[in-house]
Amino acid sequence: MNKILWLTLFNVMLHFSGMAQPVSKAAKDAFVITRMAAKFHVQPRTIDDAFSADVYNALLNEIDDDKLFFTTEDIKALSAYQFSIDDEIKGKQTRFLQNLISIFKKRLLQADTMVTSIAKASFVFSLPEKFTVAEDTSYPVNEAAMRKKLYKVLKFSVLDEIEDLGYSLPLSPKQQKKLTDSVEPATRQKMQKYFKRRINAMLQSPGGIEQSVSEEYCNAIAKCFDPHTEYFPPTEKENFESELGQKAMAFGFSLDNDKDDNVVINELKPGSPAFKSGQLNKGDKILSIQWEGKEPIDVSAASMREIGAALGASNHDNAKLKIKKTDGSIKEITLWKEMLEDDDDEDNVKSYLLKGSKTIGYISLPAFYEDWENNSGVNGCANDVAKEIMKLKKENIEGLIINLRYNGGGSLNEAIGLIGLFIDAGPVGQYKTKDPKVITLKDGNRGTIYDGPLIILVNGYSASASEIVAGTLQDYNRAVIVGSPTFGKATGQVVLPMDTTINLESDNIREIKADSYLKITDFQLFRITGKTAQGSGVIPDILLPDALEVSGEKESDNKLAIKLKEIDANKYYKPLAVLEIAALKAVAQNKVSGISYFKLLKEYIATAKSNNAKQDISLTLQTSSKKEADELPSLTSAKEATTAYKAESNSFDKQKLSTNSSKKEMDLQSKKALEQDPYIAIAYELAIQMKN
């Protein structure tokens, strides 16, 4: 009896020992986050009960946003800490975090068992069941209600998949038999695996659920200062920096869908860990991923996105992959990640010629990446755009379109460098830190690389550095901004090691290694006119309707976003002559009315806005007419190739593509997309009007 009791106590001690290390680290890091924010953040918050409530709500929304796993009983227990997290942070205490992890882990294990049990029985789609708005937006009352909610969510997922396959009432006898015998069981199994993957991705994450929730806790604290202040474990920091130009940590293989729509390994990068293992080949299918010390996660039926997310969970732990070879044999291999060179660096920016009545250049810039290695700008995006412009100028372009749609920003220095390609030396913006002094951002290079007609395409996902470029070129009357209002982010961040003694002026911050980092908002951005894009975004000269009007979130939608007031205009700012916008608006309006995509878009926006209010969801198989009435019109099918121009590669790229068949195929797809893009078609006509 004593031996049994001792073993039980030993297991309990092991449980709390396993939890203690990440939780203890989180308590220390939480305290440091608030001290660093007080020192460096441009608008630091008071750590009080209001801050505590924001952290509490942000953390619960992050780990259980669908309200599937916690019950109202759990929330009642956890709500005792809602207004005391600020005290726990100050005292480096962990009671809230320990209780949260313990409850969450218990509920995830229960949910895993429940999903298995629910999926054993066939779903009957003739029963008059509904998934109500009240159920969807609230926590289940108890475990029984939790199982009922999981049942309805799982049933809806299966029903949605079946309706996507074209099944709707009335069913023919043959369809009914097929649905009952094969389609419903296979779809139910598929969705069961999806939900279990989702649950196990949390339970079996690298470092365990204790570390995962502890990191989410620290991130919730950081994001309660503003939406762009974030807590970074080393992997997250490396992934963030890879978006800005740093080499990425990777296994060294890419994924693709085969002819049967299975996700398989597509290519191996020479010299990478995957290549050097000698055990992976094109066509291999990943069945499971097991991080060090964790249970394997079944990804045999996962999407490419899910597998990518699972593979990206860590940069430093080894992963055991179970692989199904093309001959049907099963292998297990252990892989690690290394920092890999990007062979496609020179293809980060692509340019094309739009050839019609006039030849207009086109450049797409997906992000403002920088020259990470030596900070000289040689390998930054501004220099890459300059190279593409030189290629286009050799083809005698008569106008230029730069596409900044979906460009979420990046390096401020590269944004300034890009502006400098189109204006002479002078002020391009202003910024402030906690210090009240306003500092001018300047383009110090005399002259321009291109002085012809210029169109900048933007949308609701153009943010930060994109907004600096669009706003400045608009203020100088140097370019016509076309599209929809931008995201509205006019703040800048710096990534710092978790250390309150850091000196921003003297320390080489990038070289300092730490076990955690903080991306912190340390300055505010203003246009040279003194206005700010914060909240309102950059309003285009030519407004075009956009689907993001109903589906896109903006900076202003976040209640914790920083509020900025206008400042004085820069006194050295001298704009160019005002552009004839009225005539261009008339051209755009005429083109919009003649393009079928925009006619359908109007219907799409109206339908989506009317469907925005949450409604009860029927869990019965619908008639085809009702299903069609509930659906949004397809915008993709409305895209038609323009007759105004043909997209062509420039002469330099044509020569490169002639020796690379895979890149040639991708290039053909890119050109087809350019010819079918209604926004680029309008930008093309506007560039011609500007030239005329």
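The values are calculated or read from the model by the stated rules, or taken from the named source; none is laboratory data. For clarity, every value in this text was computed on a predicted model and none was experimentally measured. Ideal geometry is used to build each Cβ from the backbone, glycine not excepted, and the neighbour counts take in all protein chains shown. Protein only, heavy atoms only, side chains kept; ligands, DNA and RNA dropped before computing areas. Shrake-Rupley method; radii C 1.70, N 1.55, O 1.52, S 1.80 Å.
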Within the stretch 497-514, does at least one residue satisfy the condition of being within 24 Å of the chain's Cα centre (by Cα) and either among the polar types (S, T, N, Q) or in a loop (DSSP other than H, G, I, E, B) (or both)? no
Any residue in the stretch 350-367 that is closer than 30 Å to S411 by Cα and either among the aromatic types (F, W, Y) or surrounded by fewer than 16 Cβ atoms within 10 Å (Cβ to Cβ) (or both)? yes
Of all residues in the stretch 571-583, which are of a type in the set (A, V, I, L, M) and closer than 28 Å to L441 by Cβ? L576, A577, V578, L579, I581
Looking only at the stretch 389-411, which residues are modelled with pLDDT of 95 or more and over 18 Å from G483 (Cβ atoms)? I389, M390, K391, L392, K393, K394, E395, N396, I397, E398
Considering the stretch 534-563 alone, what residues qualify as being open to solvent by 20 Å² or more (accessible area, probe 1.4 Å) and either closer than 13 Å to Q474 by Cα or more than 27 Å from the chain's Cα centre (by Cα) (or both)? I539, D541
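Test S168 against the criterion of being touching a helix residue (DSSP H, G or I) at 6+ places or on another chain (Cβ under 8 Å), more than 16 Å from A119 (Cβ to Cβ) and modelled with pLDDT under 90, and give yes or no. Steps first, please.
Numbers: touching a helix residue (DSSP H, G or I) at 6+ places or on another chain (Cβ under 8 Å): yes; more than 16 Å from A119 (Cβ to Cβ): yes; modelled with pLDDT under 90: yes.
Considered against the rule, which asks whether it is touching a helix residue (DSSP H, G or I) at 6+ places or on another chain (Cβ under 8 Å), more than 16 Å from A119 (Cβ to Cβ) and modelled with pLDDT under 90, S168 comes out as yes.
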Among the residues of the stretch 28-56, write down those that are of a type in the set (S, T, Y) and part of a loop (DSSP other than H, G, I, E, B). T46
List, please: which pairs have Cβ atoms under 9 Å, are six or more places apart or on different chains, and start with a residue in the stretch 608-619 that is among the charged types (D, E, K, R) and end with one that is open to solvent by 80 Å² or more (accessible area, probe 1.4 Å)? K609/E549; D616/K130
Determine if the stretch 201-215 includes at least one residue that is touching a Leu at 6+ places or on another chain (Cβ under 7 Å), in a helix (DSSP H, G or I) and among the small types (G, A, S). yes
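Quick check on L584: is it in a helix (DSSP H, G or I), open to solvent by less than 20 Å² (accessible area, probe 1.4 Å) and either out of contact with any helix residue (DSSP H, G or I) (no Cβ under 6 Å at 6 or more places or on another chain) or within 29 Å of T521 (Cβ to Cβ) (or both)? It would help to see each step written out before you state the result.
Details: in a helix (DSSP H, G or I): yes; open to solvent by less than 20 Å² (accessible area, probe 1.4 Å): yes; either out of contact with any helix residue (DSSP H, G or I) (no Cβ under 6 Å at 6 or more places or on another chain) or within 29 Å of T521 (Cβ to Cβ) (or both): no.
It is false that L584 is in a helix (DSSP H, G or I), open to solvent by less than 20 Å² (accessible area, probe 1.4 Å) and either out of contact with any helix residue (DSSP H, G or I) (no Cβ under 6 Å at 6 or more places or on another chain) or within 29 Å of T521 (Cβ to Cβ) (or both).
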Scanning the stretch 564-614 residue by residue, the ones that are among the aromatic types (F, W, Y) and closer than 27 Å to Y476 by Cα total 2
List the pairs whose first member sits in the stretch 201-224 and is under 22 Å from E306 (Cα atoms), whose second member is of a type in the set (S, T, Y) and assigned to a helix (DSSP H, G or I), and whose Cβ atoms are under 6 Å apart, counting only residues at least 6 apart or on separate chains? S205/S212
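If we scan the stretch 175-192, do we find a residue that is among the polar types (S, T, N, Q), farther than 25 Å from D66 by Cα, open to solvent by 40 Å² or more (accessible area, probe 1.4 Å) and in contact (Cβ under 8 Å) with a residue 12 or more places away in the chain? Reasoning before the result, please.
The first filter runs over the stretch 175-192 and keeps only residues among the polar types (S, T, N, Q), leaving 175-176, 180, 182, 187, 189, 192.
Filter again for farther than 25 Å from D66 by Cα, leaving 175-176, 180, 182.
If we keep only those that are open to solvent by 40 Å² or more (accessible area, probe 1.4 Å) too, we end up with 175-176, 180, 182.
The next check asks that each one be in contact (Cβ under 8 Å) with a residue 12 or more places away in the chain; those that pass are 180.
Yes, the conditions are met somewhere in the stretch 175-192.
For residues that are assigned to a loop (DSSP other than H, G, I, E, B) and within 28 Å of the chain's Cα centre (by Cα), scanning just the stretch 285-295, find the one that is surrounded by the most Cβ atoms within 10 Å (Cβ to Cβ).
Just the residues of the stretch 285-295 that are assigned to a loop (DSSP other than H, G, I, E, B), to begin with: 292-295.
Keeping just the survivors that are within 28 Å of the chain's Cα centre (by Cα) gives 292, 294-295.
Working: E292: 13, K294: 20, E295: 11.
Checked the stretch 285-295; the qualifying residue surrounded by the most Cβ atoms within 10 Å (Cβ to Cβ) is K294.
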List the residue pairs whose Cβ atoms are under 7 Å apart, where the first residue sits in the stretch 266-288 and is over 19 Å from S303 (Cβ atoms), the second is acidic (D, E), and the two are 6 or more positions apart or on different chains. S272/E338; P273/E338; K282/E267
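Table: residues versus (1) touching a strand residue (DSSP E or B) at 6+ places or on another chain (Cβ under 9 Å); (2) open to solvent by 10 Å² or more (accessible area, probe 1.4 Å); (3) aromatic (F, W, Y); (4) touching a residue at least 24 places away in the same chain (Cβ under 8 Å).
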residue: N445; (1), (2), (3), (4): no, yes, no, yes
residue: P453; (1), (2), (3), (4): yes, yes, no, yes
residue: I468; (1), (2), (3), (4): yes, yes, no, yes
residue: T472; (1), (2), (3), (4): yes, no, no, yes
residue: V494; (1), (2), (3), (4): yes, yes, no, yes
residue: I509; (1), (2), (3), (4): yes, yes, no, no
residue: L518; (1), (2), (3), (4): yes, no, no, yes
residue: T521; (1), (2), (3), (4): yes, no, no, yes
residue: T532; (1), (2), (3), (4): yes, yes, no, yes
Is it the case, given these coordinates, that V480 is at pLDDT 95 or above, crowded, with 24+ Cβ neighbours inside 10 Å and within 25 Å of L564 (Cα to Cα)? no
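Tell me which residues, restricted to the stretch 224-236, are among the charged types (D, E, K, R) and either out of contact with any helix residue (DSSP H, G or I) (no Cβ under 6 Å at 6 or more places or on another chain) or surrounded by 24 or more Cβ atoms within 10 Å (Cβ to Cβ) (or both). It would help to see each step written out before you state the result.
From the stretch 224-236, those among the charged types (D, E, K, R) are 226, 230, 236; that's our starting set.
D226, E236, listed by residue number.
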If you check T113 against the conditions, is it of a type in the set (S, T, N, Q), surrounded by fewer than 19 Cβ atoms within 10 Å (Cβ to Cβ) and free of Cβ contacts under 8 Å to residues at least 24 places away in the same chain? yes
Which ones in the stretch 57-84 are in a helix (DSSP H, G or I) and either free of Cβ contacts under 8 Å to residues at least 40 places away in the same chain or open to solvent by 70 Å² or more (accessible area, probe 1.4 Å) (or both)? N57, L60, N61, E62, E73, K76, A77, L78, S79, A80, Y81
Tally time: how many residues in the stretch 425-443 are open to solvent by less than 30 Å² (accessible area, probe 1.4 Å) and either free of Cβ contacts under 8 Å to residues at least 24 places away in the same chain or part of a loop (DSSP other than H, G, I, E, B) (or both)? 0
By residue number, the members of the stretch 96-106 that are more than 28 Å from the chain's Cα centre (by Cα) and open to solvent by less than 10 Å² (accessible area, probe 1.4 Å) are F96
Given the conditions (1) part of a loop (DSSP other than H, G, I, E, B); (2) surrounded by fewer than 24 Cβ atoms within 10 Å (Cβ to Cβ); (3) of a type in the set (A, V, I, L, M, F, W, C), which single one is not true for A463? (2)
Conditions (1) open to solvent by 30 Å² or more (accessible area, probe 1.4 Å); (2) of a type outside the set (V, I, T); (3) touching a Phe, Trp or Tyr at 6+ places or on another chain (Cβ under 7 Å); (4) over 28 Å from T521 (Cα atoms): number failed by F422: (1)
For E238, work out the one condition from (1) under 23 Å from K193 (Cα atoms); (2) part of a helix (DSSP H, G or I) it doesn't fulfil. (1)
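State yes or no: is D568 touching a residue at least 40 places away in the same chain (Cβ under 8 Å), under 21 Å from A222 (Cβ atoms) and open to solvent by 30 Å² or more (accessible area, probe 1.4 Å)?
no
Inside the stretch 633-692, can you point out the residues that are polar (S, T, N, Q), within 25 Å of N348 (Cα to Cα), assigned to a helix (DSSP H, G or I) and in contact (Cβ under 8 Å) with a residue 60 or more places away in the chain? Don't jump to the end; show me each part of the working.
Taking the stretch 633-692 as the starting set, the residues that turn out to be polar (S, T, N, Q) are 634, 636-637, 642-643, 649-651, 655, 658-662, 669-670, 676, 689, 692.
Next, from what is left, pick out any that are within 25 Å of N348 (Cα to Cα): 649-651, 655, 658-662, 669-670, 676.
Applying the additional criterion that residues be assigned to a helix (DSSP H, G or I) yields 651, 655, 661-662, 669-670, 676.
Within the stretch 633-692, S651, S670 meet the criteria.
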